[in-house]
1. Check each of the trypsin sites (Lys or Arg not before Pro) in the stretch B:180-269 and keep only those in coil by DSSP with at most 13 other C-beta atoms within 10 angstrom; list them in order.
2. Which of the peptides B:393-404, A:158-169, A:19-30 is most tightly packed, and how do the rest follow, going by the mean number of other Cβ atoms within 10 Å of each residue?
3. Report, to one decimal in Å, the Kirkwood hydrodynamic radius for chain B based on all distinct Cα pairs.
4. Would you give the gap between the C-alpha center of the stretch B:270-335 and the C-alpha center of the stretch B:110-163, rounded to a whole Å?
5. What are the lysines whose alpha-carbon lies under 17 Å from the alpha-carbon of residue A:141, with same-chain residues fewer than 8 places away excluded?
6. Using Cα pairs closer than 8 Å and at least 6 residues apart in sequence, work out the relative contact order for the stretch A:42-187, in percent.
7. For residue A:22 and residue A:199, what is the calculated FRET efficiency with R₀ set at 35 Å and r taken between the beta-carbons, to the nearest 0.05?
8. Cut-off under 20 Å on the C-alpha distance; same-chain residues fewer than 8 positions from residue B:389 excluded. Which lysines are left, in chain and number order?
Amino acid sequence: MNDRSVINSAAKTFYMSAGAVNVPIVFRGPNGASAGVAAQHSQCFAAWYAHCPGLKVVSPYDTEDARGLLKSAIRDPDPVVVLENELMYGVAFPVDEKVTDVDFLVPLGKAKIMRPGKDITIVAHSKAVETALLSAAELAKKGIEAEVINLRSIRPLDMQTIFTSVRKTHHLITVENGWPQHGVGAEICARFMEDPAFFELDAPVWRCCGVDVPMPYAKTLELNALPREPDVTAAALKVLGKK
Amino acid sequence: MLSGVQRSYSAGVKRVDDRYAFPGARDASFVNSLKLTMPEDYAPIPIYRVMDRDGYVLNEQEDPQLSQEVVEKMFRDMLLLSTMDKILYESQRQGRISFYMTNFGEEASHIGSAAALEMRDVIYGQYREAGVLVWRGFRIDQFVDQCYGNDDDLGRGKQMPVHYGSKELNFVTISSPLSTQIPQAVGAAYALKRKPNNDACVVCYFGEGAASEGDAHAAFNFAATLECPVIFFCRNNGFAISTPSNEQYRGDGIAGRGPMGYGIATVRVDGTDVFAVYNAMKRAREYVLRENKPVVLEALAYRVSHHSTSDDSTAYRSAEEIEMWNTLEHPISKLKSYMVHKGWFNEKEETEFVSGVRKQVLKQIAISEKKLKPNWREMFEGVYADMPKHLLEQQRELEQHVEAHKQHYPLKSFKQ
């Protein structure tokens with residue numbers, strides 16, 4: 001698949017045919033950094049695809065997300081890009097009985113609060129949700145209650161859930177494994193600038209992203225090129241003005 | 001070890017001489033002297049034709065024996081296309097529309113191929129296949145309304161001129177980035193094949209320049225390996241904008257890639273001979289539906305037109321060359337000669353027909369350019385099946401803005 005198929009054809013055909021040709025297609029595949037496969041097999045396409053009107057983009061974190069989002073994507077009349085994380089394929093999560101139902105769906109464009117909290121909001125998607133949850137656990141030891149939001153969908157982006165959370169916590173950091181420039185976190189920051197929710201912020205928003213380099217091959221460098229729990233925890237403490 | 005091999009390759013173990021065959025080339029023989037296989041070792045695929053330049057059938061058995069009525073429709077559709085092209089081209093030159101592409105010199109490829117198909121066959125065009133639409137019944141008003149992007153344009157003014165599409169005529173809306181249509185056509189053919197009792201195929205038109213795109217190669221290979229009922233109709237008109245075909249490829253055209261390159265049945269025809277195109281297309285259609293396999297059909301012609309209104313081809317080819325293809329080797333004059341020999345040609349009727357089409361197109365332009373443009377609110381529609389909230393909000397914002405400042409906008413030219 002290339003930009004011609006996904007962007008120039010799938011995303012635009014419904015519009016350019018004035019509704020004559022709809023494209024109910026799902027593009028699914030591994031996305032983000034894998035392990036030990038270096039620069040050309042380790043990158044996040046969430047921001048790339050989410051840039052394009054006509055596409056919907058989802059990025060599941062756990063089992064419930066993976067099943068529910070994929071089923072919703074298949075049932076959706078528009079082209080949907082499902083960005084799965086290769087490293088999560090083998091990770092098992094406990095699920096509710098309802099998740100196994102044939103009609104279990106996770107709505108597109110709706111984020112999920114993974115852990116409620118009142119002090120700071122941490123927004124993440126895909127594998128970075130794991131990092132955010134680890135950080136929230138660490139922060140809890142310091143008496144800080146972080147609210148962790150799993151975006152699930154990158155486009156449409158559920159800003160309402162984030163705004164509502166920030167009205168409560170007044171602090172925000174974003175975590176993603178993609179690069180910083182024009183990334184998912186950058187978009188969230190921009191949306192705050194355009195919304196009255198901006199005035200709810202007590203401190204600037206902080207983005208935790210992948211380092212702005214192609215993925216190194218060396219294992220230790222690779223590990224440190226993506227946000228880790230201590231990075232997110234340090235960012236949270238900084239935003240909260242704590243040592 | 002051996003049993004493992006047998007499990008892996010469904011065709012089983014094959015022996016060539018005293019050796020087991022390599023899975024990658026099971027039918028190849030062994031030789032004991034080293035030799036490079038050269039392009040010259042293969043004779044070019046021959047060009048099938050029915051008529052000579054003067055419209056005489058060369059081998060009576062190959063005359064498709066079409067009725068006078070059908071041949072007259074072919075001739076008139078070719079004339080209509082050519083006449084309409086001249087006027088719409090001029091209308092771009094006059095600044096009335098932004099862009100146009102003519103089909104001069106390729107009329108026989110369009111009409112001959114379209115005539116051999118059934119309406120249920122799905123067409124994926126490149127952008128220079130207006131004749132296929134003419135044959136299928138797309139009307140002059142529909143062509144002109146599309147080029148003028150007005151409220152009666154089936155495409156709702158969302159595309160450049162000549163990017164036609166018609167669900168009713170099974171003609172998929174044109175996508176101008178080159179060769180995006182080729183893998184899509186293969187996918188559509190694969191879907192048709194999976195339908196019980198399928199009796200429709202897909203025809204994908206493209207130029208010899210588009211065949212250099214990576215998508216074309218991927219599409220050929222998918223069609224061959226997935227065995228899809230698709231006809232790859234290459235309009236080899238000698239030019240990819242300004243790149244002549246001798247700079248476009250080094251092999252035997254596009255046909256040369258079919259049999260050896262991709263294992264696809266192939267035929268090469270004289271694209272200025274409407275009966276050659278018709279016969280080849282008929283045979284190709286029978287084959288793809290009977291075998292559920294693709295066909296490469298290369299129709300050789302000459303692009304008498306400039307590439308588009310954004311091109312002046314006299315910068316890269318001689319006027320004499322164009323003139324030769326526009327007279328001696330022109331598809332319309334060949335069919336006309338055939339009709340003369342048959343006693344089916346009437347000079348007066350032809351002149352009347354052409355002048356009738358001229359009048360109709362000119363009148364239609366006058367009507368189409370006065371028609372209202374589609375409602376400007378439609379700009380936000382068709383991005384998704386359901387309009388997202390942020391677009392709804394922007395649409396409402398625009399409505400309020402336009403309402404407040406309506407004296408500054410040409411609202412009268414838009415449908416309300």
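1. Answer in residue order: B:250.
2. Details: B:393-404: 12.0, A:158-169: 19.1, A:19-30: 16.0.
The densest-packed peptide leads the list: A:158-169, A:19-30, B:393-404.
3. Numbers: mean 1/r = 0.0421 Å⁻¹.
Taking every pair of different Cα atoms in chain B, averaging 1/r and inverting gives 23.8 Å.
4. What the calculation gives is 18 Å, centre to centre.
5. Within reach: A:118, A:238, A:242, A:243.
6. Values: 281 pairs, mean separation 42.9, N = 146.
This gives 29 percent for the stretch A:42-187.
7. Values: r = 41 Å, r/R0 = 1.17.
Taking R0 as 35 Å, the efficiency between residue A:22 and residue A:199 is 0.30.
8. The reachable lysines, counting only those whose Cα sits under 20 Å from residue B:389, are A:12, A:56, A:110, A:112.
No value in this document is a laboratory result; all are computed from the given coordinates. All figures in this text were calculated on a predicted structure; none of them were measured in a lab. Don't worry about glycine lacking a Cβ; one is built from the backbone with ideal geometry, like all the others, and counts go over all protein chains shown.
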